[in-house]
Amino acid sequence: MKYYSFESYEKMSAKAASMVAAQITLKENCVLGLPTGSTPIRTYEILADMYKNGALDFAQVQTVNLDEYCGIPKENEQSYRSFMNHNLFDNVNINIDNTNVPNGMASDIAAECIRYDELIDSLGGIDLQLLGIGNNGHIGFNEPSRQFSKDTNCIDLTEDTIQAYKRFFNDISEVPRKAITMGMRSILHARKIVLIANSLVKEKIIRAAIEGPITPLVPASILQLHPDVTILYSKK
Ligand code: GLP
């Protein structure tokens, strides 16, 4: 694992954007695995600026998002599909048909999970997976549990996560209780992984993920098994 710490969110985001941009330059039809959350917002803005300046071309890029809430229509501004459209896809020349987010409104969620894994496999897997990390060490929505979940699956959000995300909703009762998340198999099969985190709150969990035992109680600790992980962290 490579670990870099930065003095500011801005510098961390610039480094993350440069790594994604290098991947796109090296392979114009690359498959990017993408996260939501507040951490990648600036990275996405910098990538959009690179596109606007003519430095980056998303025309052939394909994307698979890590996760989506269940029961929130994609048009709802809290859906991860809306988040991605607003923060990245609407601001670059990506073909929206080449962007993929799990369908949290599928009538058959189990079938949707199988479809999503098959889709990732059919794209040839992920070239670069950008990850955030939850305060409890979750990646995607793979919450701490007794075992690592291998395939894309539907999970119950933990109380910690519900509390952390109530800020985006009018009332805690509106926070979804379930989400579809890519499992560890697709994440760990990515050829390259870049995990970004900022804020002091995440320092302890980052340390546990890097230095502690590999345990499903700290889902991000499984990244220790991957040969090409870069962690970009800024306290501020
Ligand atoms: C959500 C997403 C994760 C993301 C995490 C971190 O839980 N499902 O993929 O990594 O948020 O969020 P933030 O960057 O806002 O701390």
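Can you give the relative contact order of the chain as a percent, counting alpha carbon pairs under 8 Å and 6+ residues apart? Provide the component values of the computation, followed by the final result.
Values: 472 pairs, mean separation 61.8, N = 236.
Averaging sequence separation for qualifying contacts and normalising by length gives 26 percent for the chain.
What is the Cα convex hull volume of the range 2-234 when expressed per residue in Å³? Don't skip to the end; give the middle numbers.
Values: hull volume 26.9 nm³, N = 233.
Considering the Cα atoms of the range 2-234, their hull volume per residue is 116 Å³.
Mind sorting Phe83, Phe168, Phe6, Phe141 by how few other Cβ atoms lie within 10 Å of their own Cβ, fewest first?
Working: Phe83 22, Phe168 12, Phe6 19, Phe141 26.
Ordered from fewest to most neighbouring Cβ atoms within 10 Å, Phe83, Phe168, Phe6, Phe141 come out as Phe168, Phe6, Phe83, Phe141.
Going highest first, how would you order 180-187, 23-30 by mean Cβ packing within 10 Å? The partial results should precede the final answer.
Values: 180-187: 23.0, 23-30: 15.6.
Order by mean packing, descending: 180-187, 23-30.
In nm, what is the difference between 0.36 nm times the number of residues separating Asn170 and Ser5 and their Cα-Cα distance? Write down the numbers at each step before the final one.
Details: separation 165, 0.36 × 165 = 59.40 nm, distance 3.47 nm.
My answer for the length gained is 55.9 nm.
So what J values fall out for the range 95-104 if you push phi through Karplus, 6.51 cos²θ - 1.76 cosθ + 1.60 with θ = phi - 60°, rounded to Hz, Gly and Pro as x?
So the Karplus estimates, Gly and Pro as x, are 7, 4, 5, 8, 10, 10, 9, x, 8, x Hz.
For the range 2-234, what is the charge dipole size about the Cα centre, in debye to the nearest 20, if Lys and Arg each add +1 at the Cβ and Asp and Glu each add -1 at the Cβ? Walk me through the intermediate numbers first.
Working: 21 positive and 28 negative charges, 129 e Å.
Here the size comes out at about 620 debye.
Within 13 Å, Cβ to Cβ, of Lys166, how many net charges do the neighbouring residues add up to if Lys/Arg are +1 and Asp/Glu are -1? Each step should come with its number before you reach the end.
Numbers: positive: Arg167, Arg177; negative: Glu159, Asp160, Asp171, Glu174.
Spelling it out: positives minus negatives among the neighbours equals -2.
Would you grab the residues whose amide H sits under 5 Å from the one on Thr215? Only those 5+ places off in sequence or on another chain, please, with H modelled 1.01 Å from N.
Counting only residues 5 or more places away or on other chains, the set is Ser221, Ile222.
For Leu131, list long-range residues whose amide hydrogen, built 1.01 Å from N in the peptide plane, is under 5 Å from its own amide hydrogen.
Those qualifying (amide H under 5 Å, at least 5 residues apart or on another chain) are Val194, Leu195, Ile196.
Rounded, prolate or oblate: which one fits the range 114-236, using the alpha carbon gyration tensor with axes a ≥ b ≥ c (rounded when a/c is under 1.5, else prolate when a/b beats b/c, else oblate)? Provide the component values of the computation, followed by the final result.
On the way: a/c = 1.67, a/b = 1.13, b/c = 1.48.
Oblate shape, in that a/c is at least 1.5 and b/c is the bigger or equal ratio.
How would you rank Met84, Met1, going from fewest to most other Cβ atoms within 10 Å of each one's own Cβ? Mind dumping the intermediate values first?
On the way: Met84 25, Met1 15.
In increasing order of surrounding Cβ atoms, one gets Met1, Met84.
For the chain, what are the DSSP H helices with axial Cα length of 24 Å or more and mean Kyte-Doolittle hydropathy of at least -1.0? Before the final figure, lay out the partial values.
Details: long enough: 9-26 (26 Å, 0.38).
The qualifying helices are 9-26.
Whole-Hz ³J(HN,Hα) for each residue in the range 126-140, computed from phi via Karplus 6.51 cos²θ - 1.76 cosθ + 1.60 with θ = phi - 60°, x for glycine and proline: what do you get?
9, 6, 9, 9, 8, 10, x, 9, x, 4, 9, x, 6, 10, x
Calculated from DSSP H runs of 4 or more alone, at -39500 (n - 2.57) each and per residue, what is the 222 nm mean residue ellipticity of the chain, nearest 500? Provide the component values of the computation, followed by the final result.
On the way: 7 runs with 74 residues, N = 236.
It lands at -9500 deg cm²/dmol.
Rank the residues Asp97, Asp228, Asp127 as a footprinting-exposure proxy: fewest other Cβ atoms within 10 Å of their Cβ go first.
Working: Asp97 7, Asp228 12, Asp127 20.
Least crowded to most crowded, the residues run Asp97, Asp228, Asp127.
What is the distance, in nm, between label points placed 7 Å from the Cα along the Cα-to-Cβ direction at Thr25 and at Thr158?
Label-label distance for Thr25 and Thr158, simple model: 3.9 nm.
Where a number appears in this text, it was derived from the coordinates with a stated rule and is not lab data. Treat the numbers as computed from the prediction; the structure is a model and nothing was measured. All Cβ positions, even for glycine, are placed from backbone atoms using ideal geometry, and neighbour counts span all protein chains on display.
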